[in-house]
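Beneath this line is the structure, given in structure tokens, with notes to follow.
Please treat every number below as a calculation from the coordinates, not as lab data. Everything numeric here is computed off the predicted structure, so don't read it as measured data. Methodologically, a virtual Cβ is constructed for each residue, glycine included, from the backbone with ideal geometry; neighbour enumeration extends over all protein chains shown.
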Amino acid sequence: MGPGSVVYSKAGRDKGEPFIVLSCDAEYAYLTDGKLRPLMKPKKKKLKHIQPTNAIMDDIKTKIENNRHIMDSDIKKALQSVKKP
């Protein structure tokens with residue numbers, strides 16, 4: 001699981017909602033959905049509280065890795081194609 005990966009929340013008020021990973025460390029992932037959790041204020045969530053998927057948003061991943069400008073609308077548009085489990 002790395003930048004650009006699609007994950008689902010397993011716990012909390014946002015349970016079942018899709019997010020895109022901005023970054024990870026040993027214990028936490030920093031997530032965005034472009035709406036309630038914009039890029040400027042990502043959700044810090046423990047790794048045990050998220051469900052990883054095999055989906056990776058390549059365009060978002062490339063922008064994150066190259067430090068290019070990403071907008072919340074890019075995140076929203078990418079997550080529209082993801083179905084809830």
Subject >> Which of Met40, Met71, Met57 has the fewest Cβ neighbours within 10 Å, and the rest in rising order >> reply: Met40, Met71, Met57
Original post:
Which cross-chain or sequence-distant (5 or more) residues have an amide H under 5 Å from the amide H of Ile70, H modelled 1.01 Å from N in plane?
Top reply: none
Subject >> Tail weight of P(r) past 17 Å, computed on alpha-carbon pairs of the chain, percent >> reply: 38
**OP:** Mind checking the full-extension length gain between Ser73 and Lys44? Use 0.36 nm per residue of separation minus the Cα-Cα distance, one decimal, nm.
**Re:** 8.4 nm
Original post:
When the dipole is taken about the Cα centre of the chain, and only Lys, Arg (+1) and Asp, Glu (-1) are charged at their Cβ, what size is it in debye, to the nearest 20?
Top reply: 400
**OP:** First select every other residue whose beta carbon is under 11 angstrom from the beta carbon of Asp74; then total the charges, Lys and Arg +1, Asp and Glu -1.
**Re:** +2
**OP:** Of the options Ala78, Ser9, Ile64, report the single residue whose Cα projects farthest towards the positive end of the charge dipole of the chain (beta-carbon charges: Lys, Arg +1; Asp, Glu -1).
**Re:** Ser9
Subject >> Mean-position separation - Cα centroids, the stretch 30-77 and the stretch 1-17, in angstrom >> reply: 10
Original post:
Long-range amide H contacts for Gly34: which residues qualify at under 5 Å (H placed 1.01 Å from N, peptide plane, sequence gap of 5 or more or a different chain)?
Top reply: Leu39
**OP:** With runs of 4+ DSSP H residues as the only contributors, calculate the mean residue ellipticity of the chain at 222 nm using -39,500 (n - 2.57) per run, divided by the residue total and rounded to the nearest 500.
**Re:** -5500 deg cm²/dmol
Subject >> the stretch 39-82: translational diffusion in µm²/s, Stokes-Einstein, Kirkwood Rh over Cα pairs, 20 °C, 1.002 mPa s >> reply: 178
